[in-house]
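The values are calculated or read from the model by the stated rules, or taken from the named source; none is laboratory data. Quick caveat, the model's predicted, so the values are computed rather than measured. Don't worry about glycine lacking a Cβ; one is built from the backbone with ideal geometry, like all the others, and counts go over all protein chains shown.
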Amino acid sequence: MSNYLDTTIDVYKEAALRPDVGLCCTTTPVWQLPGLSMPKIMLEMNYGCGSTVAPRDLVNAPSILYVGIGGGMELLQFSYFSRRKSAVIGIDIVDEMITACQNNLIDAEQQNDWFKKEFIDIRKGSALSLPVESNSIDVAAQNCLFNIFTADDLHQALKEMYRVLKPHGRLVLSDPICDMDMPEALKNDERLRALCLSGAIPLNDYIDMITSVGFGTVEIRAKRPYRILSPKHYPGAQENIIIESVEVCAIKDPMPQDGPCVFTGKSAIYFGEDELFDDRQGHTLLQNQPLAICDKTAHNLKALQNENIYISESSFFYDGGGCC
Ligand SMILES: C[S@@+](CC[C@H](N)C(=O)[O-])C[C@H]1O[C@@H](n2cnc3c(N)ncnc32)[C@H](O)[C@@H]1O
């Protein structure tokens, strides 16, 4: 496993020279936005496993960092919201991927009269040592790269994202996760790892890694089936291993004294006789109105054992609002 970062570079060099439609991507529909025309080659080089582009993160033309650029599809989508010179910085370590992406952006310029290549500043560099100034970025994103990293490298990559973000800046991630035991033989298979198939870790570990570098708020925005590693196709697997993909936003909010606020899509509903329920910890539940709550608040409300408060399971589909 000592060379897995080099193996990864080789895999994506190949994927840049010969676009591979089945590599990584899911069948998640690509954003359709008025006036945005996506070059076919960018769709063919969609090597992500979800989306990191969410209009609600992108008001007021923010400065954006995108690590692991692929064919440039998400760079173009981010530029749609920040139409100014160098508003979007793209980082990649593979020369061939940078060249392919730059060519694709020329196609994008021809297809989109609002878009100029200069909106995107592509830099060669590693996710583990970003060539980007500290505290300079509003929204940082990566799609289907960090899952490849081993624990120490993932920690370093997250620390780098935290460093470059402004206070309250957002890190948006899309990655495979796996809540089953991944056999060591698969974990240590450098090529499978580079293909985003065997580096996936359990969702709770993924969240812990994110909060361990200081992010005070985490939102799980989506979770969906991604791949099955069956013993038929992957001899290192003893049973079918289910891999899912997640879309997560981590916010560089100060860490609350009682630990991070992690929203996994839980809601609380008070259905007692009073107009509202006030837990005196800053949470007011209006009668029969759902309130989105973080897992910490869900735990605290549950501990009250109030039979007039319903607390839902995690939907893994959090789209804003609520407590904290
Ligand atoms: C799975 S692809 C994802 C591409 C793109 N994010 C997408 O959604 O289509 C991984 C990308 O990360 C780049 N990459 C691999 N190792 C890297 C590293 N250590 N630092 C920065 N980029 C890296 C690859 O060249 C490739 O563009």
Exception for Val218 within (1) in the same structural domain as Gln156 (by TED's automatic domain parsing); (2) surrounded by fewer than 21 Cβ atoms within 10 Å (Cβ to Cβ); (3) in contact with a Pro (Cβ under 9 Å, 6 or more places away or on another chain); (4) assigned to a strand (DSSP E or B) falls at (2)
Yes or no: the range 69-76 includes at least one residue that is buried (at least 22 other Cβ atoms within 10 Å of the Cβ), within 13 Å of the ligand (Cβ to nearest atom) and of a type in the set (Asp, Glu).
yes
Answer yes or no as to whether Ser174 is within 16 Å of the ligand (Cβ to nearest atom), among the hydroxyl-bearing types (Ser, Thr, Tyr) and in contact with a helix residue (DSSP H, G or I) (Cβ under 7 Å, 6 or more places away or on another chain).
no
(1) more than 22 Å from the chain's Cα centre (by Cα); (2) in a loop (DSSP other than H, G, I, E, B); (3) within 20 Å of Phe119 (Cα to Cα) all hold for Ile41 apart from (2)
Could you list, in sequence order, the residues of the range 271-324 that are among the small types (Gly, Ala, Ser) and at pLDDT below 95?
Gly282, Gly320, Gly321, Gly322
Within the bounds of the range 34-52, is there any residue that is more than 9 Å from the ligand (Cβ to nearest atom) and aromatic (Phe, Trp, Tyr)?
no
Subset of the range 248-266 (residues that are surrounded by fewer than 21 Cβ atoms within 10 Å (Cβ to Cβ) and either of a type in the set (A, V, I, L, M, F, W, C) or touching a Leu at 6+ places or on another chain (Cβ under 6 Å) (or both)):
Ile251, Met255
Being within 10 Å of the ligand (Cβ to nearest atom) and closer than 22 Å to Asp189 by Cα is the filter; apply it to the range 140-155 and report the residue that is nearest to the chain's Cα centre (by Cα).
Asn143
